[in-house]
1. Can you find, among 158, 139, 112, the residue farthest towards the positive end of the dipole of the range 111-162? Put +1 on the C-beta of Lys and Arg, -1 on that of Asp and Glu.
2. Measure nothing but the geometry: give the 0 to 90° angle between the long axis through the Cα atoms of 25-42 and the longest principal axis through the Cα atoms of the chain, rounded to 10°.
3. Over the range 2-92, how many percent of alpha carbon pairs lie in each 10 Å bin up to the one with the longest distance?
4. What is the calculated FRET efficiency for residue 3 to residue 171, with r their C-beta to C-beta distance and R₀ = 30 Å, to the nearest 0.05?
5. Alpha carbons only, please: Rg and Dmax for the chain, in angstrom.
6. If you bin every alpha carbon distance in the range 74-149 into 5 Å steps from zero, what whole percent lands in each bin?
7. Which links in 36/85; 70/168; 168/204; 26/182; 41/168; 10/85 stretch past 32 Å when you go from one Cα to the other?
8. Mind checking which of 206, 171, 63 is farthest towards the positive end of the chain's charge dipole, using Cβ charges of +1 (Lys, Arg) and -1 (Asp, Glu) about the Cα centre?
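What follows draws every value from the coordinates through simple rules; no lab data is involved. Not measured: the values here are computed from a predicted model. Here Cβ is always computed from backbone atoms with ideal geometry, including for glycine, and neighbour counts include all displayed protein chains.
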Amino acid sequence: MAIARAVVNKPRLLLLDESLSALDYKLRKQMQNELKALQRKLGITFVFVTHDQEEALTMSDRIVVMRDGKIEQDGTPREIYEEPKNLFVASFIGEINIFDATVIERLDEQRVRASVEGRECNITVNFAVEAGQRLHVLLRPEDLRVDEIHHNSDADGLIGYVRERNYKGMTLESVVELENGKMVMVSEFFNEDDPDFDHSLDQKMSINWVESWEVVLADEEHQ
């Protein structure tokens, strides 16, 4: 009713401040779709304020991430999620793994050889770096690929052990503890035909990712 009263005079802009926060999950999802349909029909700009990251991605054509009253980044939902400009934005929108890395050498204009959590690999770095420089390598849980390690077979990638696993219908979410103690979140689409999919606790795993899927940021604290 409040929204109906607000749009009856056809304003150029409508501010919605945490307007769905008190609703239960199912009704909130329904109202998100209703509001998006209403916005398309009326052509009014909606400014939707929310602390719910999933809601921000779902509702928006453009997202502005703010901290202490200042804009950290603005862009499309995909840009914000896949290309965060700093650690605050990366951590605010969705789950993300932040790996510590040190530059070994530059291989070409895009690729750098680096030690990531103690393991050497190639990463894509589109800014100037020098040997010994510290970096952050960012990867979403769904961007990681894991394989079980059986017996004492050699494996590439980061090595760790499954500490938690949570079945969520379409996905299996695991927490893997690396050999150096860092906890890594992994999200895999459920595959009932894969006998190794439902990993046991303490199962030894290797973690890899497709080269160039990572986001690399300079470690500003150690520059």
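1. 112
2. 60
3. All Cα pairs considered, the percentages come to 14, 46, 32, 7, 0.
4. With a Förster radius of 30 Å, E is 0.35.
5. In Å, with Rg to one decimal and Dmax whole: 21.3, 71.
6. 3, 15, 22, 21, 19, 13, 5, 0, 0
7. 70/168; 26/182; 41/168; 10/85
8. Farthest towards the positive pole: 63.
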